[in-house]
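Visitor: Quick one: structure below, then a few questions.
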Amino acid sequence: MDELAEIRKQRLAELQNQQMQNQIQEQEKFQHQVDELEMLVKQHLTSEALQRYSNIRTANPELAIKVLAVVSHLMQTQNIAMINDDQMKMILQKIAPAKKEFKIKRV
């Protein structure tokens with residue numbers, strides 16, 4: 001019975017290790033795709049828009065990935081050569097979640 005438990009324990013460890021390796025590979029693949037898309041999109045941003053994108057990437061990486069996807073889609077579908085800061089602001093307003101407004105009532 002001890003031997004069977006030991007074999008099960010080894011097998012479970014092997015499966016967990018394999019699953020971890022698969023997750024790491026998926027993350028690396030995703031990061032590589034994001035890096036390639038970022039290189040492509042950065043070529044079509046003005047310096048102000050690029051600065052705004054860099055700030056977003058630092059503060060909120062998930063939002064930065066959404067911005068990359070939207071800008072890439074716009075470049076492909078609307079043949080936009082360059083995206084300026086005002087256009088970047090409009091894109092951000094459309095994809096960023098609305099902020100909640102809090103009203104403070106004094107009693």
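The values are calculated or read from the model by the stated rules, or taken from the named source; none is laboratory data. What you see is a predicted model; the values in this text were computed from it and never measured. Glycine also receives a Cβ, built like all others from the backbone with ideal geometry; neighbour counts cover every protein chain displayed.
Visitor: Are any residues in segment 61-88 in a helix (DSSP H, G or I) and loosely packed, with under 13 Cβ neighbours inside 10 Å, and if so, which ones?
Guide: Pro61, Glu62, His73, Gln76, Thr77, Gln78, Asp86
Visitor: Continuing with the same structure: Of the conditions (1) of a type in the set (Val, Ile, Thr); (2) surrounded by 10 or more Cβ atoms within 10 Å (Cβ to Cβ); (3) under 21 Å from the mean Cα position of the chain (by Cα), Thr58 satisfies every one except a single condition; which number is it?
Guide: (2)
Visitor: Looking at segment 91-100, which of its residues are out of contact with any helix residue (DSSP H, G or I) (no Cβ under 9 Å at 6 or more places or on another chain) and at pLDDT 80 or above?
Guide: Across segment 91-100, the qualifying residue is only Gln93.
Visitor: Then there is this: Just one of (1) acidic (Asp, Glu); (2) without any contact (Cβ under 8 Å) to a residue 24 or more places away in the chain; (3) surrounded by 10 or more Cβ atoms within 10 Å (Cβ to Cβ) trips up Glu38, so point out which.
Guide: It is condition (2) that Glu38 fails.
Visitor: Which ones in segment 31-46 are out of contact with any strand residue (DSSP E or B) (no Cβ under 9 Å at 6 or more places or on another chain) and either of a type in the set (S, T, N, Q) or under 19 Å from Lys94 (Cα atoms) (or both)?
Guide: Gln31, Gln33, Gln43
Visitor: State yes or no: is Ala49 in contact with a strand residue (DSSP E or B) (Cβ under 6 Å, 6 or more places away or on another chain) and either loosely packed, with under 10 Cβ neighbours inside 10 Å or outside any loop (DSSP other than H, G, I, E, B) (or both)?
Guide: So Ala49 fits the description; yes.
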